[in-house]
Amino acid sequence: MSEISVDLHWHRTVPALQTGKYSGEHVVQFNHGNEVQVDAAPDYGGDPACTNPEQALVSALSSCHMLTFLALAAKASWPVASYHDYAVARLGKNPKGQMSVTRIDLHPVVRFDTGFQVSDAEMAQMQDRAHRYCFIANTLADSVEVNIL
């Protein structure tokens, strides 16, 4: 099996670690080079200019779904010209009463080369297959909804 890793770096910038008096801002490094500034969501005191972990989760799912869709579309000889997704995470309490990402909605819009089209049923079937084969979706289980626009 494959192993995927990132490097996460945080250091304290205040004299003591006290509730509400420190920054959670940190750097996540991908492939020993690409860095993303990360902090808590703004609702939890984070810097809105930074990516937050919930956004990173939604981004991972959206990207995984798209990459899976493109692989399936290529096998089916569908000439995809562009793919756009507006992914939304819903935060709330899970059945155990814990805060969690309770739902993620994907809204993929696929455009094809001029003259090519598929039926709504064919698109729904391909999006469903992409969802079922996406590693991240399989990890998140039942909290993902694909809404085809």
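Relative to the longest principal axis of the chain, what angle (0 to 90°, nearest 10) does the C-alpha long axis of helix 120-133 take?
The answer is roughly 40 degrees.
Can you tell which of Ala130, Ala89, Ala40 shows the greatest fluctuation in a Gaussian network model of the chain with Cα springs below 10 Å?
Looking only at Ala130, Ala89, Ala40, the biggest GNM fluctuation is shown by Ala40.
Give me the one-decimal nm value for the distance between modelled label points at Asn147 and Ser2, 7 Å along each residue's Cα-to-Cβ direction.
It is 3.0 nm.
State, as an integer percentage, the relative contact order of the chain based on alpha-carbon contacts under 8 Å between residues 6 or more apart. Before the final figure, lay out each step's value.
On the way: 213 pairs, mean separation 25.8, N = 149.
Averaging sequence separation for qualifying contacts and normalising by length gives 17 percent for the chain.
What is the fewest-to-most order of Ile104, Ile148, Ile4, Ile136 by other Cβ atoms lying within 10 Å of their Cβ? Before the final figure, lay out each step's value.
Working: Ile104 22, Ile148 14, Ile4 6, Ile136 19.
Exposure proxy ranking, most exposed first: Ile4, Ile148, Ile136, Ile104.
Once the piece of chain linking Gln37 and Val14 is laid out straight, how much longer is it, given 0.36 nm per residue of separation minus the C-alpha distance between them? Write down the numbers at each step before the final one.
Values: separation 23, 0.36 × 23 = 8.28 nm, distance 1.86 nm.
Using 0.36 nm per residue and subtracting the Cα-Cα distance, I get 6.4 nm.
Between Phe112 and Gln55, take the C-beta separation as r, use R0 = 30 Å, and let me know the FRET efficiency to the nearest 0.05.
Efficiency, rounded to the nearest 0.05: 0.55.
I'd like the distance between the alpha-carbon centres of the stretch 85-102 and the stretch 1-62, rounded to an integer number of Å.
19 Å
To the nearest 20 debye, what is the magnitude of the charge dipole of the chain about its Cα centre, counting +1 on the Cβ of each Lys and Arg and -1 on the Cβ of each Asp and Glu? Walk me through the numbers on the way to the answer.
Numbers: 10 positive and 16 negative charges, 62 e Å.
Dipole size: approximately 300 debye.
Sort Val14, Val118 so that the residue with the fewest other Cβ atoms within 10 Å of its own Cβ comes first and the one with the most comes last.
On the way: Val14 9, Val118 15.
With the fewest neighbours first, Val14, Val118 line up as Val14, Val118.
At a Förster distance of 35 Å, what's the computed FRET efficiency of Lys75 paired with Phe30, Cβ-Cβ distance as r, to 0.05? Walk me through the numbers before you get to the answer.
Working: r = 28 Å, r/R0 = 0.79.
Result of the calculation: an efficiency of 0.80.
Note the angle between two axes, namely the Cα long axis of helix 53-75 and the longest principal axis of the Cα atoms of the chain, as a number of degrees from 0 to 90, rounded to the nearest 10.
20 degrees
Fewest first, what order do His107, His131 take by the number of other Cβ atoms within 10 Å? All intermediate terms of the calculation are to be shown ahead of the outcome.
Values: His107 15, His131 20.
Fewest to most other Cβ atoms nearby, the residues stand as His107, His131.
FYI, it's all coordinate maths here, none of it is from the lab. Remember, it's a predicted structure, so these values are computed and weren't measured experimentally. Positions of Cβ are generated from backbone atoms using ideal geometry, with glycine treated the same way; all protein chains shown enter the neighbour counts.
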